Amino acid sequence: MSRLPISYYIDWTGLEDFNYDFDEAGLPRYDYGGDIGLKYNAITIAQWGLYNLQQWEKSGEEAKKQQAFRCADWLVENAKPWKQDMLAWVYDYGFDLYGPYPPWISGMGQGEAISLLLRCYQIEPREKLIDTAHGAIKAFDYSIEQDGVAAQLSDGSIFFQEYPTSPPVHVLNGGIFALLGVHDYAEFFENDHYRALTRQCLDTLKKHWRDWDAGFWTLYDLYPLRRYASKMYQELHIRQFRSLAKLFGIEEFNNVADRWQRMQKSVASKLMWPAHKLYEKIRLRRHKR
């Protein structure tokens with residue numbers, strides 16, 4: 001086994017305020033409103049755990065470590081047998097825009113959960129953490145048609161799906177978080193199969209990053225309605241590409257991040273973005289009718 005950095009690759013500062021409803025164990029729940037209401041979400045819980053590990057490494061505060069382990073324990077307890085031979089965190093609610101519809105699993109959720117479980121195992125080697133990670137990684141070996149989380153772009157390039165929809169919508173940030181989970185598993189276990197899968201996804205991003213580039217801003221996904229990233233997601237895309245550049249030594253990703261950061265600071269982009277977001281909302285309303 002190889003060691004992973006305790007602190008996750010993405011700095012959450014200024015991105016995520018973790019302003020959630022917390023239960024008595026300190027676990028976050030997201031309020032979706034409407035018929036869905038308050039829900040535990042593997043993505044939110046894994047991110048909260050990873051954030052607390054970052055804070056623990058900085059401060060040495062024991063409470064932060066314990067909070068991260070409560071998140072990992074929740075992930076172990078709530079991983080369910082899924083299709084094929086997978087373990088997964090299964091969502092029992094869906095979304096109106098493009099789905100998915102329950103039950104479904106998320107590549108982003110699988111990846112971030114793996115990243116947290118392996119880091120916690122490094123600190124306190126509990127076999128259930130490893131066993132859960134072993135089951136969760138298998139989702140990346142199956143396509144969304146096989147109830148996994150992998151899909152292809154138009155040229156056959158592989159990209160992991162935050163939402164397993166048909167056709168795939170290719171959410172950029174979710175695919176990258178999923179990729180980082182596969183990388184963590186590959187490096188932790190020195191597994192050549194998942195190292196190769198990581199390289200395939202990196203090649204996809206090298207070939208296709210322009211698909212998410214709208215010229216003045218980035219796109220959240222590749223859904224035909226062209227959903228522009230929010231200001232927070234624009235910043236997240238930049239940080240993700242900088243992290244990939246540093247982690248894998250791919251300078252092209254730094255160049256992409258520079259380009260997107262210039263967009264972020266551009267006066268023209270700041271004027272264009274709200275106008276396009278307004279038009280996007282109008283189109284979405286029409287789409288729902």
Taking the conditions exactly as written (over 24 Å from GLY135 (Cα atoms) and not in a loop (DSSP other than H, G, I, E, B)), does GLU57 satisfy them or not? yes
How many residues of segment 142-156 are touching a residue at least 24 places away in the same chain (Cβ under 8 Å), in a helix (DSSP H, G or I) and surrounded by fewer than 19 Cβ atoms within 10 Å (Cβ to Cβ)? The answer is 1
Of the listed residues (LEU202, LEU197), the one being closer than 20 Å to GLU251 by Cβ, out of contact with any Ser or Thr (no Cβ under 9 Å at 6 or more places or on another chain) and not hydroxyl-bearing (Ser, Thr, Tyr) is LEU202
Cβ pairs under 7 Å, 6+ apart or interchain, first in segment 210-229 and more than 16 Å from LEU153 (Cβ to Cβ), second outside any loop (DSSP other than H, G, I, E, B) and β-branched (Val, Ile, Thr), ordered by first then second residue, are ALA229/THR218
The residue from ASP258, ASP211 that alone is closer than 27 Å to THR165 by Cβ and either at pLDDT 95 or above or among the basic types (Lys, Arg) (or both) is ASP211
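State whether the residues of segment 188-202 include one that is of a type outside the set (Ser, Thr, Tyr) and under 16 Å from the mean Cα position of the chain (by Cα).
yes
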Residue hits (segment 240-256; aliphatic (A, V, I, L, M), within 18 Å of the chain's Cα centre (by Cα) and within 23 Å of PHE216 (Cβ to Cβ)) are LEU244, ALA245
Of the listed residues (ASP31, ASP35, ASP21), the one being closer than 21 Å to GLY174 by Cβ and surrounded by fewer than 12 Cβ atoms within 10 Å (Cβ to Cβ) is ASP31
Suppose the filter is surrounded by fewer than 23 Cβ atoms within 10 Å (Cβ to Cβ), in contact with a helix residue (DSSP H, G or I) (Cβ under 7 Å, 6 or more places away or on another chain) and in a helix (DSSP H, G or I); does LEU222 pass it?
no
* Answer with yes or no whether VAL182 is farther than 28 Å from PRO5 by Cα, crowded, with 19+ Cβ neighbours inside 10 Å, under 17 Å from the mean Cα position of the chain (by Cα) and in contact (Cβ under 8 Å) with a residue 60 or more places away in the chain. => no
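The values are calculated or read from the model by the stated rules, or taken from the named source; none is laboratory data. Remember, it's a predicted structure, so these values are computed and weren't measured experimentally. Backbone-built Cβ (ideal geometry, glycine too); neighbour counts: all protein chains shown.
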